[in-house]
Amino acid sequence: MFPISRYRRLRQNEAIRSLVRENTLSPNDFLVPIFVVEGKNIKQEIASMPGYFRLSLDNLDKEIRELWQMGLKSVLLFVKVDDALKDNEGKEALNPEGLMQRAIKTVKNAVPDMLVMTDVALDPFSIYGHDGIVRDGKIINDETVSALAKMSISHAQAGADFVAPSDMMDGRILGIRQALDAQNLIDTGIMSYSAKYASAFYGPFRDALDSAPGFGDKKTYQMDFSNRVEAVKETQADIEEGADIVMVKPGLCYLDIVRDIKNSVQVPIAVYQVSGEYAMLKAAAERGWLDHDAVMLEQLIAIKRAGADIIASYFAKEAVRLI
Ligand code: PBG
């Protein structure tokens, strides 16, 4: 009690502050999302994500080498699919020569030790922009799970280390695990987007991939952001179904959920700081309203402090340059 206790003793200078600091960032914390497009020598800035780009495979090769040199050792791949290749079932997602499959190989050729995780969901391949197969205006669960299981096998066969289902269909982790095991792809891991909320923060990402839902919204599969209990329940269910890593998404507005899950499960937790979170800080910093680097690091540490073992973030490179 004061005056015997004086908390400012542990804050007097940077030396003592760094000695008692509970959380720090390192390149090992980050998973780098990457958007891939067809073409040659393409590096298109995403309008709503300043400083973030869609890359063609040749530029992907360069990017992977650069990331590796910076100590960034894991990537999460997304592809922008040509409209002509979209359908309701996501058939193009199974093409062994598809963009995702070539992107996986490009990464592994550039840096064989780079860990490759791939997005598994139908939305970039869907004429409806939904994460599942659509019938009579509804997103059909079980048929979608079969499609996602096939997609996962295709990614694993192309060389993906982990598949990352981001669709929120029920039972897809079990479906994917059984399908991979049946092909003897026993070492392919699953990072489940286990607590993914129906969020308006995904807007810029949907611009990046041209994947916005053509009708309705994603509220029948992604979680209601008013809820907390189901996040823990679904995450536990995904672990029972075989998820190696679980995820909370988005990040900043959902740190209570991260802590709830951290306190109730024993697998690594990833947090996805999503496109809208990136866009907000870029916009405020452009106007000179926020100190970009300081706010970025504060947000990333907050995500870690909440319980993240892995942070998927568009800020990964910028953060690593500062730390
Ligand atoms: C799609 C997917 C989305 C994101 C990752 N995978 C968008 C969505 O669910 O509509 C969002 C990522 C971001 O906003 O950065 N399955």
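The values are calculated or read from the model by the stated rules, or taken from the named source; none is laboratory data. Just so we're clear, the structure is a prediction, and the values are computed from it rather than from any experiment. Cβ: placed from backbone, ideal geometry, glycine included. Neighbour counts: every protein chain shown. Each accessible area value is taken on the protein alone, full model and side chains, heavy atoms only, with ligands, DNA and RNA left out. Shrake-Rupley method; radii C 1.70, N 1.55, O 1.52, S 1.80 Å.
Reported count of residues in the range 127-164, each being crowded, with 21+ Cβ neighbours inside 10 Å, assigned to a loop (DSSP other than H, G, I, E, B) and of a type in the set (A, V, I, L, M, F, W, C), is 1. Considering the range 181-199, and only residues there that are among the small types (Gly, Ala, Ser) and in contact with a Ser or Thr (Cβ under 6 Å, 6 or more places away or on another chain), the residue that is surrounded by the most Cβ atoms within 10 Å (Cβ to Cβ) turns out to be Ser194.
Every condition in (1) open to solvent by 30 Å² or more (accessible area, probe 1.4 Å); (2) outside any loop (DSSP other than H, G, I, E, B) holds for Asp113 except the one numbered (2).
Residues in the range 236-272 that are more than 19 Å from the chain's Cα centre (by Cα) and among the aliphatic types (A, V, I, L, M) were compared, and the one that is least open to solvent (accessible area, probe 1.4 Å) is Val265. On inspection, Tyr314 qualifies as within 15 Å of the chain's Cα centre (by Cα), within 12 Å of the ligand (Cβ to nearest atom) and open to solvent by less than 60 Å² (accessible area, probe 1.4 Å). With respect to being touching a residue at least 60 places away in the same chain (Cβ under 8 Å) and in contact with a strand residue (DSSP E or B) (Cβ under 6 Å, 6 or more places away or on another chain), Leu25 falls outside the description. Each residue in the range 85-101 was checked for being over 11 Å from Ala160 (Cα atoms) and assigned to a helix (DSSP H, G or I), and 6 of them qualify. Considered as a group, the residues in the range 101-110 that are open to solvent by 10 Å² or more (accessible area, probe 1.4 Å) and either over 15 Å from Asp58 (Cβ atoms) or among the β-branched types (Val, Ile, Thr) (or both) include one that is farthest from the ligand (Cβ to nearest atom), and that residue is Lys108.
Residues in the range 200-219 that are surrounded by fewer than 21 Cβ atoms within 10 Å (Cβ to Cβ) and over 25 Å from Arg135 (Cβ atoms) were compared, and the one that is nearest to the ligand (Cβ to nearest atom) is Gly203.
Go through the range 36-45 and give me each residue that's surrounded by fewer than 21 Cβ atoms within 10 Å (Cβ to Cβ) and within 28 Å of Ile303 (Cα to Cα).
Glu45
Pairs linking a residue in the range 250-261 that is among the hydroxyl-bearing types (Ser, Thr, Tyr) to a residue that is assigned to a helix (DSSP H, G or I) and modelled with pLDDT of 95 or more, with Cβ atoms under 9 Å and 6 or more positions apart or on different chains, are Tyr254/Ala231; Tyr254/Ala306. Residues that are farther than 17 Å from Ala308 by Cα, of a type outside the set (Val, Ile, Thr) and more than 11 Å from the ligand (Cβ to nearest atom): does the range 245-255 have at least one? No: zero hits.
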